2 protein chains.
Amino acid sequence: MLDILHRIGVVTPDPGKVYEALTTVEGLAAWWTEETRDVDGILQFRFSAGGFDMEVIEARPSERVVWRVVDGPEEWIGTTVEWDLRQDGDYTIVLFAHRGWREQVEFMNHCSTKWGSFLMSLKALVETGKGAPAPDDVQISDWH
Amino acid sequence: MLDILHRIGVVTPDPGKVYEALTTVEGLAAWWTEETRDVDGILQFRFSAGGFDMEVIEARPSERVVWRVVDGPEEWIGTTVEWDLRQDGDYTIVLFAHRGWREQVEFMNHCSTKWGSFLMSLKALVETGKGAPAPDDVQISDWH
């Protein structure tokens, strides 16, 4: 199994702020995609090209969030997206892992760069109050 | 063995422009680090916190570049950095892989996000003439 990994440091003395941005519809819509909904406990994220449905399988306040992908592109189904938070001085360190890819397809390269860019959007949201969620996200290629 | 993967699309009809930014000291210094040197065929990249020495083991114009890390952080030594270029409509697609990590250490998470950010610097350089090389690179965390 193959994983996409990332790490950012958000300048905030309160990991709870990052946790909130990962666990509320309002927070998620402000850095990932404006089209975010919670439907009977399943988080639905929509983009122009499609979207993802996530089941929250772990949520420990200010520490850890895990989603399992229950619908979306074939390559994503059954994978997990893990967020580990910890305080370190002036920073909340975010360790990100999108685990369980079955093959190194080109789409995995794309998703890796795109996750990194969205993590910077999450950082900006918590630090400045303004992220760059879809449809106004940073375009990295022909695949957006 | 574990790999960091990325994919960007650079808006240019000429993959040669991206190839040039990956194979000349002037190009590399304009998106990765201003402190870039070629010493007897070894590319030396320096940052405030240290640096990397790369041996170019493959260079096919407009198509593929491969570096082997011969000096730098312990986790990097012996790994390879691979760049595959292809033309696709208005874009030069860049497939990036930093291959051969031995463990999923936190430094690997950091390098993954940082590579993504530097790839966006490469994209900006070719598209606009201005990248964001160190020491004025985008800061992603306490590890810079």
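The values are calculated or read from the model by the stated rules, or taken from the named source; none is laboratory data. Since we're looking at a predicted model, the values are computed, not measured. Every residue, glycine as well, gets a Cβ built from its backbone with ideal geometry; the counts of neighbours run over all protein chains shown.
When B:Phe118 is tested against (1) facing chain A (nearest Cβ under 10 Å); (2) within 11 Å of the chain's Cα centre (by Cα); (3) not aliphatic (A, V, I, L, M), just one condition goes unmet, and that condition is (1).
Could you please let me know if B:Asp38 is surrounded by fewer than 16 Cβ atoms within 10 Å (Cβ to Cβ) and touching a helix residue (DSSP H, G or I) at 6+ places or on another chain (Cβ under 9 Å)? Here the answer is yes, as B:Asp38 does meet what is asked.
Of the residues B:Gln104, B:Gln44, the single one that is farther than 28 Å from A:Ala97 by Cα and touching an Asp or Glu at 6+ places or on another chain (Cβ under 8 Å) is B:Gln44.
Name the residue that is nearest to the other protein chains (Cβ to nearest Cβ), counting only residues in the range B:83-103 that are in a strand (DSSP E or B) and more than 15 Å from B:Ile4 (Cβ to Cβ). Taking the candidates together, the pick is B:Tyr91. Suppose we keep only residues that are small (Gly, Ala, Ser) and more than 23 Å from A:Gln87 (Cβ to Cβ) within the range A:41-75. Which one would you say is surrounded by the fewest Cβ atoms within 10 Å (Cβ to Cβ)? Applying the filter and picking the extreme gives A:Gly41. Scanning the range B:19-54 for residues that are among the charged types (D, E, K, R), within 13 Å of the chain's Cα centre (by Cα) and more than 21 Å from B:Leu125 (Cα to Cα) turns up just one, B:Asp53. B:Arg7 passes all but one of (1) within 14 Å of chain A (Cβ to nearest Cβ); (2) in a strand (DSSP E or B); (3) over 28 Å from A:Val138 (Cα atoms); which number fails? For B:Arg7, the failing item is (3).
Is at least one residue of the range A:77-86 of a type in the set (Lys, Arg), farther than 18 Å from B:Ile140 by Cβ and surrounded by fewer than 14 Cβ atoms within 10 Å (Cβ to Cβ)? No, there is no match, as no residue in the range A:77-86 is of a type in the set (Lys, Arg), farther than 18 Å from B:Ile140 by Cβ and surrounded by fewer than 14 Cβ atoms within 10 Å (Cβ to Cβ).
Quick grid of which residues meet (1) in contact with a helix residue (DSSP H, G or I) (Cβ under 8 Å, 6 or more places away or on another chain); (2) in contact (Cβ under 8 Å) with a residue 60 or more places away in the chain; (3) of a type in the set (A, V, I, L, M):
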| site | (1), (2), (3) |
| --- | --- |
| A:Leu5 | yes, yes, yes |
| A:Leu22 | yes, yes, yes |
| A:Gly27 | yes, yes, no |
| A:Ala30 | yes, yes, yes |
| A:Glu34 | no, yes, no |
| A:Val56 | yes, no, yes |
| A:Val65 | yes, no, yes |
| A:Val70 | no, no, yes |
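A count restricted to the range A:104-141 and to residues that are more than 21 Å from A:Leu2 (Cα to Cα) and surrounded by fewer than 16 Cβ atoms within 10 Å (Cβ to Cβ) stands at 8. Remark: pairs (first residue in the range A:113-134, farther than 16 Å from A:Phe96 by Cα; second residue at pLDDT below 95 and surrounded by fewer than 21 Cβ atoms within 10 Å (Cβ to Cβ); Cβ separation under 8 Å; 6+ apart in sequence or on different chains) = A:Ala134/A:Ser48.
Checked against the criteria, A:Met108 counts as more than 13 Å from the chain's Cα centre (by Cα), outside any loop (DSSP other than H, G, I, E, B) and at the interface with chain B (Cβ under 10 Å from one of its Cβ atoms).
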